[in-house]
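The values are calculated or read from the model by the stated rules, or taken from the named source; none is laboratory data. Not measured: the values here are computed from a predicted model. Here Cβ is always computed from backbone atoms with ideal geometry, including for glycine, and neighbour counts include all displayed protein chains. The protein model used for the area step is the full one, side chains on, heavy atoms only, and it has no ligands, DNA or RNA in it. Shrake-Rupley method; radii C 1.70, N 1.55, O 1.52, S 1.80 Å.
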Amino acid sequence: MAKPKLDIVLCAPRGFCAGVDRAIQIVELALEKYGAPVYVRHAIVHNKYVVDGLRRKGAVFVEELDEIPESTTAPVVFSAHGVPKAVPAEAKAKNMFFLDATCPLVSKVHIEANRHFAEGREIVLIGHAGHVEVIGTMGQLPPGAVTLVQTVADAEAFTPRDPAQLAFVTQTTLSVDDTHEIVETLRRRFPAIAMPHKEDICYATTNRQEAVKRVAPDVDAMIVVGAPESSNSVRLVEVAQRAGCPRAMLVERASLIDWSKFEGVSRLGVTAGASAPETLVDEVIEAFAERYEISVTASGQQRETIVFNLPRDLRAPAAPAA
Ligand code: SF4
């Protein structure tokens, strides 16, 4: 029997961002340079496939430093999402050798929060409670210095100590549109609120959301390859749904596709969150190719040129002068 036809529209850019790429490289280079084990505090990036691959190479994942034997000389890597200040302080007190894989764009938010605090401002953090990046950003400052605002309703209800001494920062992986509404609410209520010089929502989050907005109105269903813990992947599903594709869903692996959700679909959008490797996108497309006669077209360009420096300990030595 002939297979039904399916047009797949691949959103670009999609998948790995520079911060995720750097974090994975840090663990891989640490394994090469120092040998196994390399301890990693928290999932280095929110993708089980990536974490399992690194585990097979000798990475040991822990949630807290006290799970690491005190006698070890093995390196400890902090994840791309960033850590509260207490974590490097504890590592130093225990004489641990640590490598910080915090994405430089998350570090930028930490620096902003510290600067506002030093200048006497109360800080509003727009983000999602419990997300590891939010825990890391709030943990840059003493308790009470940062108030978390998650919704427009929170922004309406927030009462600052002094509206003239107020600033906001945001999580890097939020929905651009939702955040805009929250920011507008804060600015209407507190016109003097200090804002980031440059948007805190990162380039990768913004670019992937824009690509999805372009494709979503034109497809019957949209797959976001990514994990439920990945904030930017979950936001992509919401963005697609709001942009006109109610049948948008997360898919972690091809083996987990719920085929009943694709009945009657003749045009499918596919994208991937910033922590999902392209190999998982290929796997999903191959799974569709087994059931459908597929044609694949790209929407947008994959080109992103941002690359972040590695920590000094892992940089290749400079070539000797000729
Ligand atoms: S999603 Fe953005 S902030 Fe997060 S690791 Fe990637 S580039 Fe950095």
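Looking at 293, 278 in this structure, which one is over 26 Å from residue 106 (Cα atoms) and acidic (Asp, Glu)?
Working: 278 fails: over 26 Å from residue 106 (Cα atoms).
After applying the criteria, what remains is 293.
Report, by residue number, each residue of region 42-64 that is without any contact (Cβ under 8 Å) to a residue 12 or more places away in the chain and open to solvent by 60 Å² or more (accessible area, probe 1.4 Å).
Keep residues of region 42-64 that are without any contact (Cβ under 8 Å) to a residue 12 or more places away in the chain, which gives 51-53, 55-56.
Result: 55, 56.
Could you check region 179-193 and list, in sequence order, the residues that are open to solvent by 20 Å² or more (accessible area, probe 1.4 Å) and either in a loop (DSSP other than H, G, I, E, B) or at pLDDT below 95 (or both)?
191, 192
Please go through (1) assigned to a helix (DSSP H, G or I); (2) within 29 Å of residue 149 (Cα to Cα) for residue 196 and return the number of the only condition it doesn't satisfy.
Of everything listed in (1) assigned to a helix (DSSP H, G or I); (2) within 29 Å of residue 149 (Cα to Cα), residue 196 misses just condition (1).
Quick one: is residue 20 under 17 Å from residue 274 (Cα atoms), among the β-branched types (Val, Ile, Thr) and in a helix (DSSP H, G or I)?
yes
Among the candidates 169, 251, 219, 234, which residue alone is of a type outside the set (D, E, K, R) and within 23 Å of residue 139 (Cα to Cα)?
Values: 251 fails: within 23 Å of residue 139 (Cα to Cα); 219 fails: within 23 Å of residue 139 (Cα to Cα); 234 fails: within 23 Å of residue 139 (Cα to Cα).
Going through 169, 251, 219, 234 in turn, just one is of a type outside the set (D, E, K, R) and within 23 Å of residue 139 (Cα to Cα): 169.
Kindly evaluate residue 102 against the criterion of being polar (S, T, N, Q) and open to solvent by less than 20 Å² (accessible area, probe 1.4 Å). Give the derivation first.
Details: polar (S, T, N, Q): yes; open to solvent by less than 20 Å² (accessible area, probe 1.4 Å): yes.
So residue 102 fits the description; yes.
For region 285-314, which positions are open to solvent by less than 40 Å² (accessible area, probe 1.4 Å) and touching a strand residue (DSSP E or B) at 6+ places or on another chain (Cβ under 6 Å)?
Selection gives 288, 292, 299, 311.
Return the residues of region 10-28 that are among the aliphatic types (A, V, I, L, M), open to solvent by less than 10 Å² (accessible area, probe 1.4 Å) and more than 11 Å from the ligand (Cβ to nearest atom); say none if nothing qualifies.
12, 26, 27
So, in region 105-118, exactly how many residues are in contact (Cβ under 8 Å) with a residue 40 or more places away in the chain and either buried (at least 20 other Cβ atoms within 10 Å of the Cβ) or away from the ligand (no atom under 15 Å from the Cβ) (or both)? Steps first, answer last, please.
Taking region 105-118 as the starting set, the residues that turn out to be in contact (Cβ under 8 Å) with a residue 40 or more places away in the chain are 105-106, 108-109, 112-113, 116.
Adding the requirement that they be either buried (at least 20 other Cβ atoms within 10 Å of the Cβ) or away from the ligand (no atom under 15 Å from the Cβ) (or both) leaves 105-106, 109, 112-113, 116.
Total satisfying the criteria: 6.
Return yes when residue 133 is acidic (Asp, Glu) and either touching a His at 6+ places or on another chain (Cβ under 6 Å) or surrounded by fewer than 18 Cβ atoms within 10 Å (Cβ to Cβ) (or both) and no when it is not. Before the answer, list the steps.
Working: acidic (Asp, Glu): yes; either touching a His at 6+ places or on another chain (Cβ under 6 Å) or surrounded by fewer than 18 Cβ atoms within 10 Å (Cβ to Cβ) (or both): yes.
When the stated conditions are applied, residue 133 passes them.
Could we say that residue 159 is assigned to a loop (DSSP other than H, G, I, E, B), surrounded by 17 or more Cβ atoms within 10 Å (Cβ to Cβ) and not aromatic (Phe, Trp, Tyr) here?
So residue 159 does not fit the description; no.
Tally time: how many residues in region 98-126 are out of contact with any Leu (no Cβ under 9 Å at 6 or more places or on another chain) and part of a loop (DSSP other than H, G, I, E, B)?
5
Within region 1-16, how many residues turn out to be over 18 Å from the mean Cα position of the chain (by Cα) and either in a loop (DSSP other than H, G, I, E, B) or hydrophobic (A, V, I, L, M, F, W, C) (or both)?
We begin by selecting, within region 1-16, every residue over 18 Å from the mean Cα position of the chain (by Cα); these are 1-10.
Now restrict to residues that are either in a loop (DSSP other than H, G, I, E, B) or hydrophobic (A, V, I, L, M, F, W, C) (or both): 1-4, 6, 8-10.
Summing the residues that are over 18 Å from the mean Cα position of the chain (by Cα) and either in a loop (DSSP other than H, G, I, E, B) or hydrophobic (A, V, I, L, M, F, W, C) (or both) in region 1-16 gives 8.
How many residues, within region 262-280, are under 19 Å from residue 54 (Cα atoms) and not in a loop (DSSP other than H, G, I, E, B)?
The total comes to 3.
Can you name the residue in region 65-97 that is part of a loop (DSSP other than H, G, I, E, B) and open to solvent by 50 Å² or more (accessible area, probe 1.4 Å) and, of all such residues, is nearest to the ligand (Cβ to nearest atom)?
Initial filter on region 65-97 (part of a loop (DSSP other than H, G, I, E, B)): 68-75, 79-85, 94-97.
Now restrict to residues that are open to solvent by 50 Å² or more (accessible area, probe 1.4 Å): 69-71, 73, 85, 94-95, 97.
Numbers: 69: 29, 70: 30, 71: 32, 73: 28, 85: 19, 94: 27, 95: 29, 97: 23 Å.
The residue in question is 85.
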